[in-house]
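Accompanying notes for the structure given below.
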Amino acid sequence: MTPVHAARRRLSDLLLARVAGPDAHDARHRIHGEPGERWFGPQDPVQRVHGDASMYVGGLRALLLQSLHPLAMAAVAQHSDYRNDPWGRLARTSTFIAETTYAKVEDAERAIAIVRAVHRHISGTTTDGVPYRADDPHLITWVHIAEIDSFLTTHQRFGARPLTAAETDTYVAQAAGVARRLGGEAVPTTHAELRAALERYRPELRSTPEALEAAQFLLHRPPVTGPARAGYALIGRAAVATLPRWAREPLRLPDHPRRDATLGAAAGHAATRSLRWVLGGLDAAPEPEPVSPR
């Protein structure tokens, strides 16, 4: 192994451990390598989108967009330890997405059952005195559409193989199955329905102190040091550049369309190309045998 290959391997292992946790390699083998029936196969758009480096930008965009719903953000602020354990929260989220996209059906169903059980115990009130529950179907659907809109938007901008119009509808429909199993209601199944759903939630979205704190933490106080901080800054710039313009002011984020189209786009392409190079240092994901999609 050449020094360059060795360095690439070290970087890929470090990134995988950060994103998926300390047992990332074992989890990767379980999710991708164990034989059994899957909901989806390699030809499905959901696997193409969720396996692309653009997910790093999409994940950060999703967190920023989700924070604008005061009930969802209150639940995160009051019940999540994201400030003290951001890597643990990231690992749990990324593992859930991987399990419901690539793992055996029984593993995917178990992951959903665990999340539903956790949601049943999360409730409270906002600082304005409005009650919330994490298992509220309306909130589950909001979190879902903010994620899927973000994953799809950043994939179409920065993904290695953007989807066709027909594939975008298929992606939204495939992702909808997980949201329904989590307890979501009126979950969109086409790209047009996704855009319409996002518009329906807009009257409920607003700035809150918790949302502003989350945006500051994610963009200006991330748990990243050293050379990786520069790479994270590119991801952050790209995430902000792809947010809807109406989402900027409530989070006190810059709204410069020309910069979004130039510097923001360049940041997104630079970040995802770099991530693809680093992730190329991983061993190929094991091939499960047999695989029976859906």
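Can you give me the number of residues within the stretch 249-272 that are surrounded by 14 or more Cβ atoms within 10 Å (Cβ to Cβ) and either touching a residue at least 24 places away in the same chain (Cβ under 8 Å) or under 19 Å from the mean Cα position of the chain (by Cα) (or both)?
Selection size over the stretch 249-272: 12.
All but one of (1) within 20 Å of Gly177 (Cα to Cα); (2) buried (at least 21 other Cβ atoms within 10 Å of the Cβ); (3) not aromatic (Phe, Trp, Tyr) hold for Gln43, so report the exception by its number.
(2)
All but one of (1) open to solvent by 20 Å² or more (accessible area, probe 1.4 Å); (2) touching a residue at least 24 places away in the same chain (Cβ under 8 Å); (3) part of a helix (DSSP H, G or I) hold for Ser207; which doesn't?
If we test Ser207 against (1) open to solvent by 20 Å² or more (accessible area, probe 1.4 Å); (2) touching a residue at least 24 places away in the same chain (Cβ under 8 Å); (3) part of a helix (DSSP H, G or I), just (3) comes out false.
Of everything in the stretch 126-144 that's closer than 15 Å to Gly184 by Cβ and not in a helix (DSSP H, G or I), which residue is most open to solvent (accessible area, probe 1.4 Å)? Spell out the reasoning first.
Within the stretch 126-144, the first condition is being closer than 15 Å to Gly184 by Cβ, and the residues that meet it are 133-144.
Retained after the next criterion (residues that are not in a helix (DSSP H, G or I)): 133-136.
On the way: Arg133: 106, Ala134: 18, Asp135: 53, Asp136: 52 Å².
In this case the residue turns out to be Arg133.
Would you confirm whether any residue within the stretch 111-125 is farther than 24 Å from Arg89 by Cα and outside any helix (DSSP H, G or I)?
Within the stretch 111-125, the subset farther than 24 Å from Arg89 by Cα is none.
So far as the stretch 111-125 goes, no, none of its residues is farther than 24 Å from Arg89 by Cα and outside any helix (DSSP H, G or I).
Suppose we filter the stretch 179-195 for residues that are touching a Pro at 6+ places or on another chain (Cβ under 7 Å) and surrounded by fewer than 15 Cβ atoms within 10 Å (Cβ to Cβ); how many remain? Can you show your working first?
Residues of the stretch 179-195 that are touching a Pro at 6+ places or on another chain (Cβ under 7 Å), as a first pass: 183-185, 194.
Remaining after also requiring surrounded by fewer than 15 Cβ atoms within 10 Å (Cβ to Cβ): 185.
So the count comes out to 1.
Go through the stretch 154-173 and report how many residues are among the small types (Gly, Ala, Ser) and in contact (Cβ under 8 Å) with a residue 60 or more places away in the chain.
Going through the stretch 154-173, the residues among the small types (Gly, Ala, Ser) turn out to be 159-160, 165-166, 173.
Next, from what is left, pick out any that are in contact (Cβ under 8 Å) with a residue 60 or more places away in the chain: 159-160.
Of the residues in that region, 2 qualify.
Out of (1) farther than 28 Å from Ile235 by Cβ; (2) open to solvent by less than 70 Å² (accessible area, probe 1.4 Å); (3) part of a helix (DSSP H, G or I), what's the single condition that is false for Ala176?
Tallying (1) farther than 28 Å from Ile235 by Cβ; (2) open to solvent by less than 70 Å² (accessible area, probe 1.4 Å); (3) part of a helix (DSSP H, G or I), Ala176 fails exactly one: (1).
Out of the residues in the stretch 235-248 that are in a helix (DSSP H, G or I) and open to solvent by less than 60 Å² (accessible area, probe 1.4 Å), which is nearest to Thr153 (Cα to Cα)? Write out each step before concluding.
First pass over the stretch 235-248, keeping only residues in a helix (DSSP H, G or I): 235-242, 245-247.
Checking which are open to solvent by less than 60 Å² (accessible area, probe 1.4 Å) leaves us with 235-236, 238-242, 247.
Values: Ile235: 14, Gly236: 15, Ala238: 11, Ala239: 10, Val240: 12, Ala241: 11, Thr242: 7, Ala247: 15 Å.
The residue in question is Thr242.
Report, by residue number, each residue of the stretch 210-243 that is touching a residue at least 24 places away in the same chain (Cβ under 8 Å) and among the polar types (S, T, N, Q).
Thr242
Could you run through the stretch 81-108 and say how many residues are surrounded by fewer than 15 Cβ atoms within 10 Å (Cβ to Cβ) and over 16 Å from the mean Cα position of the chain (by Cα)?
Looking only at that region, the number is 6.
The values are calculated or read from the model by the stated rules, or taken from the named source; none is laboratory data. All figures in this text were calculated on a predicted structure; none of them were measured in a lab. For neighbour counting, all protein chains shown are included, and Cβ atoms are generated from backbone atoms with ideal geometry for every residue, glycine included. With ligands, DNA and RNA removed, areas are computed over all heavy atoms of the protein, side chains included. Shrake-Rupley method; radii C 1.70, N 1.55, O 1.52, S 1.80 Å.
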